[in-house]
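Down below is the structure, laid out as structure tokens.
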Amino acid sequence: MQGSPPTFGSTVDHLRLDADDYEDCYVVGDVHGCIDRLEALIGRLDPAPTDLLVFVGDLVRKGPDSAAVLEWVRDRPNAYSVLGNNEAKVLDGATTQPPISASDRSYLRDLPDVITFDDAIVAHGGIDPRTPLDEQDAGTLTEIRSVPAGAGYDGPFWFEQYDGPHRVYFGHTVLEAPYVTEHAVGLDTGCVYGGRLTAYRHGDGEVTSVDGRFEEWNRPADQIVSPSSEHA
Ligand SMILES: [Mn+2]
């Protein structure tokens with residue numbers, strides 16, 4: 001892969017992985033405690049132990065079994081996740097749901113803000129397109145949605161404004177379908193709200209998804225984004 005590895009400032013917890021250590025690299029959207037949906041997706045992907053699985057965060061909350069999802073990811077040496085805003089809520093005491101064990105809390109505390117491999121960046125929210133990478137703020141990487149901030153689901157969205165040079169995989173913003181452009185790939189397809197759980201294979205862009213927790217969407221339509229995206 002051409003280009004230099006993405007670099008971040010010292011206040012950002014950045015985990016750099018070497019894609020050469022793996023065969024295929026899959027990025028997986030927000031799971032939110034939906035362990036059976038995760039198992040269904042993994043059944044479809046059938047990843048080898050030599051394949052890399054990177055989760056965009058929000059492994060926990062809202063769904064039926066957050067602890068099982070954490071255990072699933074923790075137990076696999078080829079699986080990693082960035083910190084999502086829902087993990088942050090658990091850690092900062094903003095919520096007591098789900099109750100988590102001391103060891104799970106310790107695992108959450110160690111989740112990086114950002115994971116990179118090749119020239120790809122994985123961050124839960126995304127990146128601020130107005131700011132150089134080495135000046136990105138950890139909270140922004142986890143929480144960003146609209147730019148300027150504050151408009152939430154009204155947009156305009158950061159991923160409609162960012163034009164590279166890296167490719168950013170993200171979750172956090174619930175999408176009607178995967179958002180795929182050259183420089184941004186959104187994978188939160190609302191598994192816990194009746195959408196789907198989605199994985200994207202880095203390299204060839206193959207999308208694999210399974211049904212979500214419910215048969216139909218149960219989320220307000222103005223909180224499901226359906227921006228246009230060009231499939232790479
Ligand atoms: Mn989420």
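The values are calculated or read from the model by the stated rules, or taken from the named source; none is laboratory data. Keep in mind it's a predicted model, so treat the numbers as computed, not measured. Virtual Cβ from ideal backbone geometry, glycine too; neighbours counted across all protein chains shown.
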Only one residue in ARG16, ARG44 is more than 14 Å from the ligand (Cβ to nearest atom), surrounded by fewer than 16 Cβ atoms within 10 Å (Cβ to Cβ) and closer than 15 Å to TYR200 by Cβ, so which one is that? ARG44
Filter the stretch 159-193 for residues that are modelled with pLDDT under 95 and within 15 Å of the ligand (Cβ to nearest atom) and give the result. none
Could you list, in sequence order, the residues of the stretch 167-213 that are part of a loop (DSSP other than H, G, I, E, B) and closer than 18 Å to ASP46 by Cα? GLY203, ASP204, GLY205, GLU206
Residue check: is ILE100 among the β-branched types (Val, Ile, Thr) and more than 18 Å from the chain's Cα centre (by Cα)? yes
State the number of residues belonging to the stretch 61-78 that are under 17 Å from the mean Cα position of the chain (by Cα) and hydrophobic (A, V, I, L, M, F, W, C). 4
Considering each residue of the stretch 26-38, count those that are buried (at least 21 other Cβ atoms within 10 Å of the Cβ) and either of a type outside the set (D, E, K, R) or out of contact with any helix residue (DSSP H, G or I) (no Cβ under 9 Å at 6 or more places or on another chain) (or both), and give that number. 9
Considering the stretch 39-71 alone, what residues qualify as being among the hydrophobic types (A, V, I, L, M, F, W, C) and touching a helix residue (DSSP H, G or I) at 6+ places or on another chain (Cβ under 6 Å)? LEU59, VAL60, ALA68, VAL69, LEU70
Please pick out the residue among ASP113, ASP58, ASP75, ASP30 that is among the charged types (D, E, K, R) and more than 16 Å from the ligand (Cβ to nearest atom). ASP75
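Considering only the stretch 156-165, how many residues are assigned to a loop (DSSP other than H, G, I, E, B) and either touching a residue at least 24 places away in the same chain (Cβ under 8 Å) or under 12 Å from the mean Cα position of the chain (by Cα) (or both)?
Step one: list which residues in the stretch 156-165 are assigned to a loop (DSSP other than H, G, I, E, B), which gives 156, 161-165.
Now drop any that are not either touching a residue at least 24 places away in the same chain (Cβ under 8 Å) or under 12 Å from the mean Cα position of the chain (by Cα) (or both), which leaves 161-163, 165.
Number of matching residues: 4.
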Do we find a residue being surrounded by fewer than 20 Cβ atoms within 10 Å (Cβ to Cβ) and touching a residue at least 60 places away in the same chain (Cβ under 8 Å) anywhere in the stretch 166-182? yes
For the stretch 139-155, state whether one or more residues are assigned to a strand (DSSP E or B) and free of Cβ contacts under 8 Å to residues at least 24 places away in the same chain. yes
Quick check on LEU52: is it surrounded by 15 or more Cβ atoms within 10 Å (Cβ to Cβ), touching a strand residue (DSSP E or B) at 6+ places or on another chain (Cβ under 8 Å) and either of a type in the set (Phe, Trp, Tyr) or over 16 Å from ARG201 (Cβ atoms) (or both)? no
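Could you tell me which of the residues VAL122, VAL192 is under 12 Å from the mean Cα position of the chain (by Cα) and either small (Gly, Ala, Ser) or under 21 Å from LEU59 (Cα atoms) (or both)? Quick ask: steps written out before the conclusion?
Numbers: VAL192 fails: under 12 Å from the mean Cα position of the chain (by Cα).
Selected residue: VAL122, the only one of VAL122, VAL192 that is under 12 Å from the mean Cα position of the chain (by Cα) and either small (Gly, Ala, Ser) or under 21 Å from LEU59 (Cα atoms) (or both).
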May I ask you to verify whether ARG201 is more than 25 Å from SER10 (Cβ to Cβ), basic (Lys, Arg) and within 16 Å of the ligand (Cβ to nearest atom)? no
